[in-house]
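Where a number appears in this text, it was derived from the coordinates with a stated rule and is not lab data. Note that the structure is predicted; figures quoted are calculated from it, not measured. FYI the Cβ positions are ideal-geometry reconstructions off the backbone, even for glycines, and counts take in every protein chain you see.
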Amino acid sequence: MELQEYKCEVLIIGAGPAGLSSAVYCGRANRNTIVLEGKELSSLAKTQEIQNWLGEIDATGLGLLDKFKKHAESYESVKIISGDVIELMLGMGTNVISTRTANITADVVVIATGTGKRKEVIKGEDILLGYGVSYGAIWDGPSYKNKVVYLYGKDEEVMEDALVLKQMGCIVRVITDVGIEELPENVNEVRNTGIEIIEKMEIIEAVPASNGMIQKIICKSTESQSGDIEIIKEFELSCLFIISHISSNSIFKKAGVELDDTRNIKVDSEQKTNIEGIYAAGDCTGGLFQVVFAAAEGARAGINACKYLRQLRKE
């Protein structure tokens, strides 16, 4: 798998109303801008009916989001690429953000990831992130040669990463909450290499050992059982690669971004985080979770990101 290398002035993580609004203002300022569109759809895209967006009496969320995206893409300096963030190095002069397929270097970063999939976060995941829980098989896999690793998820990326980890010399097992027949076609290639696939099991907790590193995962069956009997299993491992979701605010916390008591990203009145040159906007910062507020915060973040660049370069 060949990694792409990108360099930009502004990286916007998230392609919802906050991220795209920020991109419009960066585009208007003619800043070299990349918008990173994640695998998880924006909450706006899942909204059937919008009746409180000024000028649109009756619109669909997806229709409105499409207009936002086209507006952002109308600027030559704005580029939208696909990928989920799995590693970040922030506030070190130059910011480096990695996805499964790309490394992106940016002078300024705007975080606009929305609320994410918090309801799917595994118990213990946050405290073990970097201590045996990882979102990036390509990046962290070499550290687990000859050790037992599990991948958790159910899409093509899981199967591809399983094969990559096996090539790296890891002892690989895949755990998924669906049946084999529901997995993508490349599951056959994975099975032919001898990789074990544990189907119809949901991970409910990652448990640390006394040294703080992951020791085991606790899982329960997703199949309905007669007599309300719950099947629980435990598996010991050296690393859990989670491909089914990324707890976005957790990964930003690991990179040094401060969260509040409700696990939202803390920002000031200019959408600045605690790290110089890092801004956040929209649902990831909490608030009223309305399109108009997300767009306004995105605009403010974009304006202040461009202001920061001018000051940085003494333009």
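What does the charge add up to near Lys307, with Lys and Arg as +1, Asp and Glu as -1, over the other residues with Cβ less than 15 Å from its Cβ? Mind showing how you got there, number by number?
Working: positive: Arg28, Arg31, Lys272, Arg300, Arg310, Arg313, Lys314; negative: Glu9, Asp107, Asp268, Glu270, Glu276, Glu315.
Taking every Cβ under 15 Å from that of Lys307, the sum is +1.
Ranked from highest to lowest mean number of other Cβ atoms within 10 Å per residue, what is the order of the peptides 64-75, 288-299, 149-160? Working shown, then result.
Values: 64-75: 16.9, 288-299: 19.2, 149-160: 22.0.
Sorting 64-75, 288-299, 149-160 by mean packing, highest first, produces 149-160, 288-299, 64-75.
Could you give the distance between the Cα centres of region 169-218 and region 6-21, to the whole Å?
About 33 Å separates the Cα centre of region 169-218 from the one of region 6-21.
Using the Karplus curve 6.51 cos²θ - 1.76 cosθ + 1.60 with θ = phi - 60°, what ³J(HN,Hα) values do you get for each residue of region 287-295, in whole Hz, with x for Gly and Pro?
Once rounded to whole Hz, the list reads x, 8, 6, 10, 4, 5, 6, 4, 5.
Given contacts defined as C-alpha pairs under 8 Å and at least six residues apart, what's the relative contact order of region 122-242, whole-number percent? Before the final figure, lay out the partial values.
On the way: 239 pairs, mean separation 38.3, N = 121.
Value for region 122-242: 32 percent.
Just rank Ile111, Ile218, fewest to most, by other beta-carbon atoms within 10 angstrom. Please list the in-between numbers first.
Numbers: Ile111 30, Ile218 17.
Fewest to most other Cβ atoms nearby, the residues stand as Ile218, Ile111.
Neighbour counts of other C-beta atoms within 10 Å: give me Ile86, Ile81, Ile232 arranged from fewest to most. If you can, show how the numbers build up before the last one.
On the way: Ile86 21, Ile81 16, Ile232 11.
Exposure proxy ranking, most exposed first: Ile232, Ile81, Ile86.
Explain nothing, just compute: Karplus ³J(HN,Hα) = 6.51 cos²θ - 1.76 cosθ + 1.60, θ = phi - 60°, for every residue of region 31-37 in order, whole Hz, x for Gly and Pro.
8, 5, 10, 10, 9, 9, 8
Report the local net charge at Lys266: Lys and Arg +1, Asp and Glu -1, summed over other residues whose C-beta lies under 10 Å from its C-beta.
Values: positive: Lys272; negative: Glu258, Asp260, Asp261, Asp268.
Every neighbour counted, the sum reads -3.
Between Gly83 and residues 5 or more places away or on another chain, which pairs have amide H atoms under 5 Å apart, with H built 1.01 Å from N, and which residues are they?
Glu37, Gly38, Lys39
In sequence order, what are the phi-derived ³J(HN,Hα) couplings for region 300-312 according to the Karplus relation 6.51 cos²θ - 1.76 cosθ + 1.60 with θ = phi - 60°, rounded to whole Hz, with x for glycine and proline?
4, 5, x, 4, 6, 5, 5, 4, 4, 4, 4, 5, 4
If R0 is 45 Å, what FRET efficiency do you get for Val207 and Glu56 from their C-beta distance, rounded to 0.05?
Values: r = 49 Å, r/R0 = 1.08.
That pair, Val207 with Glu56, gives E of 0.40.
In deg cm²/dmol, rounded to 500, what helix-only [θ] at 222 nm does the chain give when every DSSP H run of at least 4 residues adds -39500 (n - 2.57) and the total is split over its residues? Before the final figure, lay out the partial values.
Values: 8 runs with 81 residues, N = 315.
Taking each H run of at least 4 residues, the total per residue is -7500 deg cm²/dmol.
Pull up all non-local amide H partners of Val267: gap of 5 or more, or a different chain, and H-to-H distance under 5 Å with H placed in the peptide plane.
none
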